[in-house]
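Student: Let me begin by handing over the structure; questions about it come next.
Where a number appears in this text, it was derived from the coordinates with a stated rule and is not lab data. Source: prediction; values computed, not measured. Counting neighbours? That spans all protein chains shown, and the Cβs are built from the backbone with ideal geometry, glycine included.
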Amino acid sequence: MSHRIRVILLFAALALGGFIAAVAATVLLPGRPATVGSGTAAVGGPFQLVDQDGARVTEALLKGKPSLVFFGFTHCPDVCPTALYEISEIFTALGPDADKAQAFFVTVDPERDTPDVMKSYVSSFVPQIRGLTGSPEQMDVVKKEYRVYSRKVPLGDGRDYTMDHTAVIYLMDKTGAFIAPFNLKRPPADAAAELKRYF
């Protein structure tokens with residue numbers, strides 16, 4: 001190896017070492033403000049859907065009362081009816097304060113869950129639960145905003161299907177802002193007492 005090549009390699013090594021040292025100093029030295037995330041993903045946002053009566057609704061629907069928001073579908077065999085039953089028990093436990101809160105059942109299966117189907121389905125639960133649906137494109141928007149996963153799963157006959165989906169209850173405050181996932185797995189009176197905190 002010629003002397004000239006050795007000198008070039010030496011300078012390259014020194015330059016690389018200096019670059020690494022500068023990066024390390026930038027990242028590791030104290031006194032430099034660190035970039036720290038809030039740790040909470042943004043949940044919620046603008047949407048345009050229809051309710052079980054066919055009326056157009058937007059995210060303004062969530063303002064004025066604390067809300068419980070649940071994504072599911074009317075052909076769901078167990079998780080969805082159980083969740084809506086448990087939500088109904090909470091509103092029953094609220095007694096005369098029941099109308100100070102609201103709940104929304106948002107479909108992940110708009111192909112089958114028309115307003116009429118949603119209306120029939122939510123009629124089995126307390127009147128504070130409203131059904132929301134829309135076009136597949138509208139539902140994709142709201143699912144993305146609420147970070148909801150859903151996937152169509154064909155059944156054995158190939159003609160019918162079910163849906164895999166996120167089964168989180170979203171607690172939203174009176175401004176429509178996300179607070180936290182809401183725990184249904186406790187006595188209804190305890191859950192009602194928490195919901196009252198946001199009246």
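Student: Give K152/K174; K65/K143; K152/K185; K152/K196 a once-over and call out the pairs whose C-alpha atoms are over 30 Å from each other.
Tutor: K152/K174; K152/K196, as the Cα separations exceed 30 Å there.
Student: Let me ask something else. May I ask you to evaluate 6.51 cos²θ - 1.76 cosθ + 1.60, the Karplus curve with θ = phi - 60°, for each residue of segment 105-122 and list the ³J(HN,Hα) values in order in whole Hz, giving x for glycine and proline?
Tutor: Each residue of segment 105-122 in turn: 9, 9, 6, 10, 10, x, 4, 9, 8, 6, x, 5, 5, 4, 4, 5, 5, 6 Hz.
Student: What is the packing order of peptides 134-144, 163-173, taking the mean over residues of other C-beta atoms within 10 Å and listing the highest first?
Tutor: 163-173, 134-144
Student: Got a sec? How would V122, V153 order by Cβ neighbour count within 10 Å, fewest to most?
Tutor: V153, V122
Student: Considering the zone a paramagnetic label at Y198 would reach in this model (a point 7 Å from Cα along the Cα-to-Cβ line), which residues of segment 150-176 have amide N under 14 Å from it?
Tutor: 168-176
Student: Report the relative contact order of segment 42-199, percent, no decimals, based on alpha-carbon pairs under 8 angstrom and at least 6 residues apart.
Tutor: Here the relative contact order equals 34 percent.
Student: Let me have the relative contact order for segment 136-176, percent, based on Cα pairs under 8 Å that are six or more residues apart.
Tutor: Once divided by the residue count of segment 136-176, the mean separation gives 28 percent.
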